[in-house]
Amino acid sequence: MASRQHLSNIIPVIEVALKDANMNIRDVYATAFTPGPGLLGSLIVGVSMAKALALSLDIPLIEVHHMHAHVLAHFAEAPRPEFPFICLTVSGGHTQIVLVKSYYDMEILGSTIDDAAGEAFDKTGKMLGLDYPAGPIIDKLAQKGVPKFKFPEPQVGPLDFSFSGLKTSILYFLQKEMAKNPHFINENLNDICSSVQNTIIHILIGKLIKASEMTGIKNIGIAGGVSANSQLRQTLTEVGKKHNWHTFIPSFAYCTDNAGMIGVAGYYKYLRGEFTDQNVSPLARMDF
Ligand SMILES: Nc1ncnc2c1ncn2[C@@H]1O[C@H](COP(=O)(O)OP(=O)(O)O)[C@@H](O)[C@H]1O
Ligand SMILES: [Mg+2]
């Protein structure tokens, strides 16, 4: 289904983008795309489109790693971070603490050993009967609730994450409460959302504090779909002030998957003349 949606939307999207930018397709001097990691069906559409554009317009083809692009979304607009900086990339498929030394010199300092932070939001949403993706819905409902339910935080390596235990403890908690009161979820939805979100954000921010302490780096950014979360954005700003950090929070448009970040990341490769050829193919999984 996702693949078919991509297929029917990709040409209209390109047309609108060109119109908004007041450009003709002939003005395009390079085409950047991501081969992955991600959902293969959707990637196939993007990769094929980028190849077709490169071939028909006779312009360079530039390959961008999806997770590098989330980090480089910070360079879409000012204020742009100074190197080195620490980036917490949190999305539906990834949770990483990245040491960014330059545009293309990045190192993963920690990552999730099981579920991603976005998955914790989405799977909680499923248990609560919310639509997918549940992250933005939980964010909204949480604003009307209080974090009165407590969930255990995982014990893993200092910069690693684990969210599957949290998922299980939320499930058991809901089962136990629903057995006592079948209306528990409906009657407490805002507070449940607030409690789950609060736990996830507390874990994420705790790891950022640790990463800053371990590296001595005070330039701190967030990226990826979950970085659109209002509590994460607000908490990072507050904690940053307390620790004298320079914090970098991308505009909403550059948090969840977007073509802008692929373009920005592609631009820095264009400057270096790093192009790829027509043999490139999409990959669901890729090394960082
Ligand atoms: N406001 C929000 N609060 C929490 N999670 C969010 C919010 N907005 C989006 N998300 C989560 O971000 C994830 C999507 O991240 P994104 O980078 O766009 O996609 P992908 O994981 O496919 O690369 C989903 O899990 C979604 O629930
Ligand atoms: Mg993404």
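The values are calculated or read from the model by the stated rules, or taken from the named source; none is laboratory data. Small disclaimer: the values here were computed from a predicted structure and weren't measured. Positions of Cβ are generated from backbone atoms using ideal geometry, with glycine treated the same way; all protein chains shown enter the neighbour counts.
All of (1) modelled with pLDDT of 95 or more; (2) assigned by TED's automatic domain parsing to the domain that holds residue 245; (3) more than 16 Å from ligand 2 (Cβ to nearest atom) hold for residue 57 with one exception: (2). Every condition in (1) in the same structural domain as residue 137 (by TED's automatic domain parsing); (2) part of a loop (DSSP other than H, G, I, E, B); (3) of a type outside the set (Asp, Glu) holds for residue 284 except the one numbered (1). With respect to residue 108, determine if the residue is aliphatic (A, V, I, L, M), surrounded by fewer than 20 Cβ atoms within 10 Å (Cβ to Cβ) and without any contact (Cβ under 8 Å) to a residue 60 or more places away in the chain. Judged against the criteria, residue 108 is not a match. One residue stands out among those in the range 52-65 that are in contact with a Ser or Thr (Cβ under 8 Å, 6 or more places away or on another chain) and more than 19 Å from residue 272 (Cβ to Cβ): the one that is surrounded by the most Cβ atoms within 10 Å (Cβ to Cβ), which is 53. Considering each residue of the range 254-272 in turn, none proves to be surrounded by fewer than 17 Cβ atoms within 10 Å (Cβ to Cβ), closer than 18 Å to residue 139 by Cα and not acidic (Asp, Glu). In the range 222-250, the qualifying residues are those that are of a type outside the set (A, V, I, L, M) and assigned to a strand (DSSP E or B), and the one that is farthest from ligand 1 (Cβ to nearest atom) is 246.
When residues in the range 91-130 are screened for being β-branched (Val, Ile, Thr) and farther than 28 Å from residue 175 by Cα, 4 of them pass. Residue 162 falls short on exactly one of the conditions (1) closer than 13 Å to residue 193 by Cβ; (2) surrounded by 16 or more Cβ atoms within 10 Å (Cβ to Cβ); (3) more than 16 Å from ligand 1 (Cβ to nearest atom), and that condition is (1).
Being touching a strand residue (DSSP E or B) at 6+ places or on another chain (Cβ under 7 Å), assigned by TED's automatic domain parsing to the domain that holds residue 264 and within 15 Å of ligand 2 (Cβ to nearest atom) holds for only one residue in 46, 36, and it is 46.
The residue of the range 210-221 that is farthest from residue 83 (Cα to Cα), among those that are assigned to a helix (DSSP H, G or I) and in contact with a strand residue (DSSP E or B) (Cβ under 9 Å, 6 or more places away or on another chain), is 210.
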